[in-house]
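Everything on this sheet refers to the single structure shown next.
The values are calculated or read from the model by the stated rules, or taken from the named source; none is laboratory data. Just so it is clear, the model here is predicted, and its values are computed rather than measured. Neighbour counts are summed over all protein chains in view; Cβ atoms, including those assigned to glycine, are modelled from backbone coordinates with ideal geometry.
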Amino acid sequence: MKRFAWLALWLLPLASWAGIPIQHWTMATGAKVYLVEAPGIPMVDVQLEFDAGDRRDPPGQSGLAVATARMMGKGIKAFQGQPAMDENQLGEAWADLGAMVNANAGDDRMSFSLRSLTRPELLDAAVALAARQLAAPSFPNDVWQIERERWVASIRESNTKPATQASKAFNQAVFGKHPYGAEVDEASLRRIDTAAMAQFVSRHLLLCQAKISVVGAVNRAQTERLLTQLLSGLSRQSACPAQPVVPEVMPLKEAKTLQIPFESAQAHVFIGQPGIARQNPDFFALTLGNYVLGGGGFVSRLTDQVREKRGLSYSVYSYFSPGQHAGAFAVGLQTRPDQAAQAVQVATDVLSDFVRNGPTDQEVQAAKDFMIGGFALRLDSNRKLLDNLSNIAWFGLPLDYLDTWSAEIDKITASQIQQAFARNLQPERMVTVILGAKP
């Protein structure tokens, strides 16, 4: 009984939290700042994001954005009177501060994150070191040669796995020549050098276009001072240059089935098409509906029909992956090679029926109960809150997005879900990838 009483008390602040106040302003540099004050823990998380993801990779150099992000922590040049530091020295410096900094790149954006305690002597030193790492990465060529060979070896090993082969074939079939479909391979990595990384940084890490999310025990004035120091080494643009326009993902014109021979104990299946961009007004309806279709695990229709009633697969699922452009919608499963054709047919029938008729009212209510009931768990740490805040910043979502999320989900009807799926999915024009099936 005491355990449940403690749990109830722990959840009480989240349940009674009327709102999450997000402060937003634009710095003189043009960088847009989003702040949530969280004074409960003497810590701050900062995340800078730039339009410098995979979609900005030059032709023939797929992997440049990711390589640049990886190499930003491999050493820094002498900067503003401070000596150069190699990878080991940099790592030791961060360990001494009890802080951490990371850089990574995804399809759309490159992120640079800092976490530190807010004790002034620690935070000031951490911000100063992060500023150097952001403004003056050394991109050591000898380190890149080693990192590239490791990456190549990893790609070669990954390509022996059926799941990797199936996923690559699916992405290329869905996205075609769009950057979302580009694959990093040995040839593209061989074309990347450290000069290209430095050029990528100068071209795409534009201060005037930065989106900055901050969560922690700092107020607005403290955040302004912190960010001014953190960004001090980046060049300011007198006029903010426009980034080249990335074309939209083209819709599929017809159905296509790819049968890929592969010696595997399980056949790997993907069925799908380009889905939606994050700004699509049907986002909430599709999110809720997908829980019913294949995102809800054992309570989803796909699991009921493919696994429970026919025993064709241990796991079957569906998902949308919206980004700046239309990410993939996919149904995925694994099955015995001799059952692949039947599993594909059942999954396709379930999907077609859902697009045509939608969910029942009872299914929608069960999905709402689960999603709304679990929403607080998406915000129960500073890290999770930062992730949500950065999405608000990146996609330009309303500042009250987290406060109104449950209400937006709750007002969706079964009819709205059916209409949203019918508008955005065309089961008759999807790609089907089957790897490892028996003829």
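Residue-level check: of (1) part of a helix (DSSP H, G or I); (2) of a type in the set (Ser, Thr, Tyr); (3) free of Cβ contacts under 8 Å to residues at least 24 places away in the same chain, residue 180 misses just (3). Restricting the first member to the stretch 349-369 and to residues that are free of Cβ contacts under 8 Å to residues at least 24 places away in the same chain, and the second to residues that are surrounded by 13 or more Cβ atoms within 10 Å (Cβ to Cβ) and not in a helix (DSSP H, G or I), no beta-carbon pair is closer than 8 Å while six or more apart or on different chains.
Only residues that are under 24 Å from the mean Cα position of the chain (by Cα), closer than 19 Å to residue 287 by Cβ and among the aliphatic types (A, V, I, L, M) were counted in the stretch 422-438, giving 1. Filtered by the rule that a residue be in contact with a helix residue (DSSP H, G or I) (Cβ under 7 Å, 6 or more places away or on another chain) and over 19 Å from residue 101 (Cβ atoms), the stretch 36-51 gives 36, 38, 51. So which residues in the stretch 132-165 are more than 30 Å from residue 265 (Cα to Cα) and outside any helix (DSSP H, G or I)? Residues satisfying the conditions are 136, 137, 138, 139, 140. Tell me which of these residue 139 doesn't satisfy, since it passes every other one: (1) out of contact with any strand residue (DSSP E or B) (no Cβ under 6 Å at 6 or more places or on another chain); (2) over 28 Å from residue 92 (Cα atoms). For residue 139, the exception is condition (2).
Considering 210, 196, 217, which residue is in the same structural domain as residue 59 (by TED's automatic domain parsing), surrounded by 14 or more Cβ atoms within 10 Å (Cβ to Cβ) and within 24 Å of the chain's Cα centre (by Cα)?
Criteria check complete, one pass: 210.
The residue that is surrounded by the most Cβ atoms within 10 Å (Cβ to Cβ), among those in the stretch 238-264 that are out of contact with any strand residue (DSSP E or B) (no Cβ under 9 Å at 6 or more places or on another chain) and over 20 Å from residue 323 (Cβ atoms), is 240.
Filter the stretch 93-112 down to the residues that are among the aliphatic types (A, V, I, L, M) and under 23 Å from residue 327 (Cα atoms), then identify the one that is surrounded by the fewest Cβ atoms within 10 Å (Cβ to Cβ). Out of the qualifying residues, it is 103. Considering 259, 279, the condition of being of a type in the set (S, T, N, Q) and under 23 Å from residue 417 (Cβ atoms) is satisfied by 279 alone. Beta carbons closer than 6 Å, at least 6 apart along the sequence or on distinct chains, pair a first residue in the stretch 60-77 that is in contact (Cβ under 8 Å) with a residue 40 or more places away in the chain and surrounded by fewer than 20 Cβ atoms within 10 Å (Cβ to Cβ) with a second that is of a type in the set (Ser, Thr, Tyr) and in a loop (DSSP other than H, G, I, E, B) for 77/138. Whenever a residue of the stretch 250-273 is outside any strand (DSSP E or B), its partners that are of a type in the set (S, T, N, Q), lying with C-beta atoms within less than 8 angstrom and at least six residues away or across chains, give the pairs 251/273; 251/426; 252/273; 252/426; 255/432; 262/165; 266/334; 266/335.
Across the stretch 85-126, the number of residues qualifying as within 15 Å of residue 42 (Cβ to Cβ) and not in a strand (DSSP E or B) comes to 11.
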